[in-house]
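A.B. asks: Quick one: the structure is below, and I'll ask about it shortly.
The values are calculated or read from the model by the stated rules, or taken from the named source; none is laboratory data. Keep in mind that what you see is a predicted model, and the values were worked out from it rather than measured. When we count neighbours, we look across all protein chains shown, and the Cβ atoms used for this are built from the backbone with ideal geometry, even at glycine. Ligands, DNA and RNA are excluded from the accessible area calculation, which covers all protein heavy atoms including side chains. Shrake-Rupley method; radii C 1.70, N 1.55, O 1.52, S 1.80 Å.
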Amino acid sequence: MVQELKNQSESLIDLPTDMNAMLFYGPEDIRYEKVKTPEINDYEILVKVESVLTCGTDLKTYLRGHPVLIKETPALFGHQFSGIVVKVGKNVSKFKIGDKVIPVNSSPCFKCLYCKSEKYSLCENIFFLNGAYADYVKVPKEIVENNTHKIPENTPFEIAAILESLAVVKHGLDRSEIEKGKTVCIIGTGSIGLLFIALAKREGVKIISLGRNESKLRLAKELGADHVVNIRDTSSENIMQKTKDLTGGFGPDVVIEAVGIPEIWELATKIVSRGGLVNFFGGCKKGSKVEIDTFRLHYDELKVLGVFHHTPKYVKKALELLSEKQFQDNVLRKITTKKMKLSELKEAFLLQKSGEVVQVAIEPDCKERL
Ligand SMILES: [Zn+2]
Ligand SMILES: [Zn+2]
């Protein structure tokens with residue numbers, strides 16, 4: 001079939017000039033509309049979206065907008081997806097029509113000062129891809145070249161789409177001085193918090209999971225948390241006491257904040273042990289401020305750090321993990337438990353907000369509902 005094509009920029013099927021997409025108009029205002037199917041240049045590929053996950057960032061965007069990803073409205077959004085290549089630019093040799101791929105949502109430039117010192121997540125010219133709540137997505141040159149991967153064999157689209165989250169968690173964990181025997185407290189039980197638990201477990205640490213939703217805390221336990229604590233309506237003094245009790249009076253060696261709320265950042269600095277490390281992994285609303293006790297920082301020698309996003313190296317590591325059948329079954333299938341149609345995106349966000357599901361796989365032509 002491919003041989004019949006005169007050149008690579010032709011497509012496998014006749015692509016419609018218009019496609020369905022969910023557009024962001026403003027907080028809590030998204031609309032299912034027809035837009036033009038993207039055109040590609042010689043260095044780009046067009047991917048038919050098979051599955052796109054309602055990542056926590058998208059839920060935040062739906063509720064309050066996004067200062068970096070959404071500059072003007074209406075805007076296409078959605079970024080954690082997998083699909084099939086349906087059109088290939090003339091100068092693209094890495095991919096062909098029909099390939100099943102995961103285009104990750106960004107690429108560093110490899111040229112700026114930060115990239116030259118291998119701090120790729122700080123890249124000054126990072127290229128972002130946004131717009132996967134649609135039938136088709138155009139993948140820009142930089143991401144085609146540096147951060148698009150073929151889906152490992154026997155991996156369903158909705159499982160493959162989680163690659164980006166896995167990569168950020170690999171990055172976050174690698175920077176957290178995790179060592180066998182330490183106690184790690186993970187705050188938050190969204191997909192990122194849960195992946196932190198599953199991955200930390202593989203490092204032989206003791207895990208305390210803090211969250212506010214009973215069913216997600218049960219899942220946290222299933223994925224490897226040794227102790228779970230529901231912190232809903234609990235004072236930070238009580239949480240400090242509880243985490244001390246679970247660690248022989250010392251507090252956890254490492255605390256990873258995977259929520260993105262200033263009060264939870266502050267809580268993290270209160271519960272960590274003396275000489276411990278706090279990883280502020282959940283980004284807060286722009287302009288947020290936190291108060292940290294300087295006594296704790298100085299006399300208790302805390303290490304506090306922010307870790308953002310992923311880098312191509314962690315995407316590759318995540319891809320290896322993604323291809324493990326056991327990891328797919330024991331972890332990933334438990335995190336993405338529901339499939340819905342693109343037109344039902346709003347309902348999906350509301351379900352996720354209520355805590356009833358961790359995340360939803362949105363499939364433009366969803367036939368089999370989970
Ligand atoms: Zn994401
Ligand atoms: Zn750069």
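A.B. asks: How much accessible surface area, in Å² rounded to 10, belongs to the heavy atoms of residue 284 with a 1.4 Å probe?
C.D. replies: Accessible area of residue 284: about 40 Å².
A.B. asks: Taking the simple approach of a point 7 Å from Cα along Cα-to-Cβ for both residue 113 and residue 174, what is their distance in nm?
C.D. replies: 2.4
A.B. asks: Further question: For the chain, modelled as a GNM with alpha-carbon contacts under 10 angstrom, which of 241, 80, 359 fluctuates the most?
C.D. replies: Result: 241 has the largest fluctuation of those listed.
A.B. asks: Between residue 365 and residue 298, what FRET efficiency follows from the Cβ-Cβ distance if R0 is 41 Å, with the result rounded to 0.05?
C.D. replies: Once the sixth-power term is evaluated, E becomes 0.10.
A.B. asks: Calculate the dipole size of segment 176-306 relative to its Cα centre from +1 charges on Lys and Arg beta carbons and -1 charges on Asp and Glu beta carbons; express the result in debye to the nearest 20.
C.D. replies: Using Cβ point charges on Lys, Arg, Asp and Glu, segment 176-306 gives about 320 debye.
A.B. asks: Mean-square fluctuation check for the chain, GNM, Cα pairs under 10 Å: which of 339, 289, 170 is largest?
C.D. replies: The residue that fluctuates most here is 289.
A.B. asks: Separate question: Out of all DSSP beta bridges with both ends in the chain, state the antiparallel percent to the nearest 5.
C.D. replies: Around 55 percent of the beta bridges assigned by DSSP in the chain are antiparallel ones.
A.B. asks: Rounded to two decimals, what is Rg over Rh for the chain when you use alpha-carbon atoms and the Kirkwood radius?
C.D. replies: Value, to two decimals: 0.99.
A.B. asks: If you average the C-alpha positions of segment 293-369 and of segment 95-119 separately, how far apart do those two centres end up, in angstrom?
C.D. replies: Using only Cα atoms, the two centres lie 20 Å from each other.
A.B. asks: Debye sum, Cα scatterers, segment 238-370, no solvent: what log₁₀ I/I(0) at q = 0.09, 0.17, 0.20, 0.22 1/Å?
C.D. replies: Cα-only, vacuum Debye calculation for segment 238-370: -0.42, -1.09, -1.17, -1.21.
A.B. asks: State the extension gain, in nm to one decimal, for the chain segment bounded by residue 14 and residue 244, taking 0.36 nm per residue of separation less the distance between their alpha-carbons.
C.D. replies: Additional length available on full extension: 76.5 nm.
A.B. asks: Using the structure shown, list the pairs from 170/338; 317/346; 60/325 with a Cα-Cα distance above 29 Å, or answer none.
C.D. replies: Where the Cα-Cα span goes over 29 Å, the pairs concerned are 317/346; 60/325.
A.B. asks: Also, I was wondering about something else. Are there GluC sites (Glu not before Pro) in segment 195-282 that DSSP marks as loop and that have at most 10 other Cβ atoms within 10 Å, and which are they?
C.D. replies: The qualifying sites: there are none.
A.B. asks: Over all distinct alpha-carbon pairs, what is the Kirkwood Rh of segment 176-306 in angstrom?
C.D. replies: Answer for segment 176-306: a Kirkwood hydrodynamic radius of 14.4 Å.
A.B. asks: Considering Cα pairs under 8 angstrom that are at least six residues apart, work out the relative contact order of the chain and quote it in whole percent.
C.D. replies: Computed over the chain, the figure is 17 percent.
A.B. asks: Taking the Cβ-Cβ separation of residue 68 and residue 337 as r and a Förster radius of 30 Å, what is the calculated FRET efficiency to the nearest 0.05?
C.D. replies: Efficiency computed from Cβ-Cβ geometry: 0.55.
A.B. asks: Distance in nm between label sites at residue 41 and residue 236, each 7 Å beyond Cα in the beta-carbon direction?
C.D. replies: Going from the residue 41 label point to the residue 236 one covers 4.9 nm.
A.B. asks: For a quick check: with amide H placed at 1.01 Å from N, whose amide H comes under 5 Å from residue 362's, ignoring anything fewer than 5 positions away on the same chain?
C.D. replies: 52, 53, 54, 340
A.B. asks: Applying 1/(1 + (r/R0)^6) with R0 = 35 Å to the Cβ-Cβ distance of residue 325 and residue 356, what FRET efficiency is obtained, to the nearest 0.05?
C.D. replies: Rounded to the nearest 0.05, the efficiency is 0.80.
A.B. asks: Now, a different point. Which ³J(HN,Hα) values in Hz, rounded to whole numbers, follow from the phi angles of segment 296-306 under the Karplus curve 6.51 cos²θ - 1.76 cosθ + 1.60, where θ = phi - 60° and Gly and Pro get x?
C.D. replies: 4, 4, 7, 6, 9, 6, 6, 10, 10, 8, x
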